[in-house]
Amino acid sequence: MGAIVNENQMNEAAWNSGAIRVLVVDDHDLFRAGLSALLAAQPGIEVVAQASGGRMGVRLADELEPDVILMDVRMPDLEGPDATREILDRHPSTRVVALTVVSDDSDVAAVVEAGACGFLAKDTAIDAVVLAVRAAANGVAWLSPRAAEVVLGRVRRVGADEEPEPGLLEELSPREREVLRLIARGMENAEIAEELGISPRTAKNHVSNILVKLGMPSRIQAAIYAVRRGLD
C-alpha cells in the first residue's frame, strides 16, 4: 500500500527536510518518557513536549502547535479520540498518530473517525514509529496491519447501510476524481504522479484540494469515502 502504509512496508522515501516537532501524549509515565527519549535521539525529530493526559495534550497543542502528535487512545481524563477531535478542530494541519495496547475495532474506528492519520500498537518497533511520524508529517497515512484490516473491513460492513453525504463527488473535477480513486487504492503522491503522468507537486495539490472539497481531515477518510462510493 502507499497512502495507507503498514508496518511491513517501511520504505524510507525522501522526507521533507527540517525537524519534525512532536508532542507525545500518554498517561503512562514510563512509556511516555521512554518513547520521547527514543524519538528525541532520532535525526530530524524534535520532541517539543510531553503530556500526561488528553486535556494537557489539547492545551499543549494549542500552545506549541506541533507537526505530529502521538496520542494514547485510552486516558482517564479525556480519551484519545476526543482529544484528537478537539485538536484537529482548532489545528487542522496537525497530524495525529494514535497509539494503543490493544488494536480492537472500537479503538480503530474511534480514532479514525476523529481524524487521526495513523494508528500503531504500543509494541511497535521504534524504527516503525519513527517512519510513522515522518509519514504523518508528510501527509501519508500509516496504519498497522491490524488497523488497516479493521478500517477496510468496517468500510465494507457499513458501506451498504451507511450512505455517504451526497453531492460531494460533484464538487470534484474529473482529474480530482481520478486522484481520489488512486487514493482509495492506497497510492501515495509520488505513485499517483507516476500513474497520471503529472508532477508530484501537482499530485499533492490535487490531494489537498480533494480534502478541502470533501471536508475531510486526512487521506484515510477520503479513501473510506471513495470506497463507499465505489471508486476503488
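For this structure, a couple of remarks:
- Global geometry of region 30-141, whether rounded, prolate or oblate, following the gyration tensor of its Cα atoms and the 1.5 cut on a/c: rounded
- Taking a ≥ b ≥ c as the square roots of the eigenvalues of the Cα gyration tensor, region 25-83 is classed as oblate, since a/c reaches at least 1.5 and a/b does not exceed b/c.
- Taking amide H atoms as placed 1.01 Å from N in the peptide plane, the amide H of Trp142 lies under 5 Å from those of Val5, Gly118, Phe119, each 5 or more residues away in sequence or on another chain.
- Simple label model, 7 Å out from Cα along Cβ direction - Ser199 to Asp77, nm: 4.6 nm
- Inter-site label distance for His28 and Arg177 at 7 Å from Cα along Cβ, in nm: 4.7 nm
- Positive dipole terminus of region 184-232, leading residue within Gln221, Asn189, Leu231 (C-beta point charges): Gln221
- In nm, spacing of pseudo-spin labels at Asp62 and Arg90 (7 Å Cα→C-beta vector): 0.4 nm
- Per-residue ³J(HN,Hα) for region 127-142, Karplus 6.51 cos²θ - 1.76 cosθ + 1.60, θ = phi - 60°, Hz, x for Gly and Pro: 4, 6, 4, 4, 5, 5, 5, 5, 4, 4, 4, 9, x, 9, 6, 9
- Sequentially through region 23-33, phi angles give Karplus couplings (6.51, -1.76, 1.60; θ = phi - 60°) of 10, 9, 10, 6, 8, 9, 4, 5, 5, 4, 5 Hz, Gly and Pro residues having no value and appearing as x.
- Note, ³J(HN,Hα) from phi for region 52-63, Karplus 6.51, -1.76, 1.60, rounded to Hz, x at Gly and Pro: 8, x, x, 5, 5, x, 4, 5, 5, 4, 5, 6
- Accessible surface of Met216, taken over heavy atoms with a 1.4 Å probe and every protein chain present, rounds to 40 Å².
The values are calculated or read from the model by the stated rules, or taken from the named source; none is laboratory data. From a predicted model like this one, the values you see are computed outputs, not experimental measurements. Positions of Cβ are backbone-derived with ideal geometry, glycine not excepted, and every protein chain shown enters the neighbour counts. Surface accessibility is based on the protein's heavy atoms, side chains included, excluding ligands, DNA and RNA. Shrake-Rupley method; radii C 1.70, N 1.55, O 1.52, S 1.80 Å.
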